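To start, the structure under review is shown below, and the notes come after it.
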Amino acid sequence: MGTVTRIEQSLAGFAGGAGRLFRGRPQSVSGEIELAGIDVLGEPRTGLFPQEPSTAPPRPKDDIFDIGAILRLRTFLYLIAATALLLFQIHNTLSIKELARQNERLREQLRISTSIRTAQELKASELQSIHNISGYAQGLGLASSAVPPVDLEP
């Protein structure tokens, strides 16, 4: 029950601080104890879950919120683990983006190489055709002319 009591006291500290913050003037103890119709610091009411009486000594009113309850080693370990996971995820995301950029560059180089290869294959095919035609012409007894060819325009 000690944890529940500490949480109640912490929440009571927030409720009282909010009352002073937002109202601008100090209120009576009953104004800070009752927030939105809920008795925060008063005696436990009997109901579905009756509470055991607190054996802890009463705390001073100004020290209701215990910041030490939040600043525990386990909390920092959780924060460090969450930060490490977040950094790992960010690193993976950046790595994926860099790999995507490299992939796009390699695809562009592959397109250029394929285009050059196709052009060279066309040129080699053209030269092979010319060589084959000149071989057939020589076989028929035809010789190449020294006069350059005439281009006909339509």
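The values are calculated or read from the model by the stated rules, or taken from the named source; none is laboratory data. All figures in this text were calculated on a predicted structure; none of them were measured in a lab.
Do you know which of the residues in the range 60-82 that are outside any helix (DSSP H, G or I) and not β-branched (Val, Ile, Thr) is modelled with the lowest pLDDT? So, considering only residues that are outside any helix (DSSP H, G or I) and not β-branched (Val, Ile, Thr), the one modelled with the lowest pLDDT is PRO60.
Looking at PHE49 and the list (1) aromatic (Phe, Trp, Tyr); (2) part of a helix (DSSP H, G or I); (3) modelled with pLDDT under 85, which single condition is not satisfied? All conditions pass for PHE49, except number (2).
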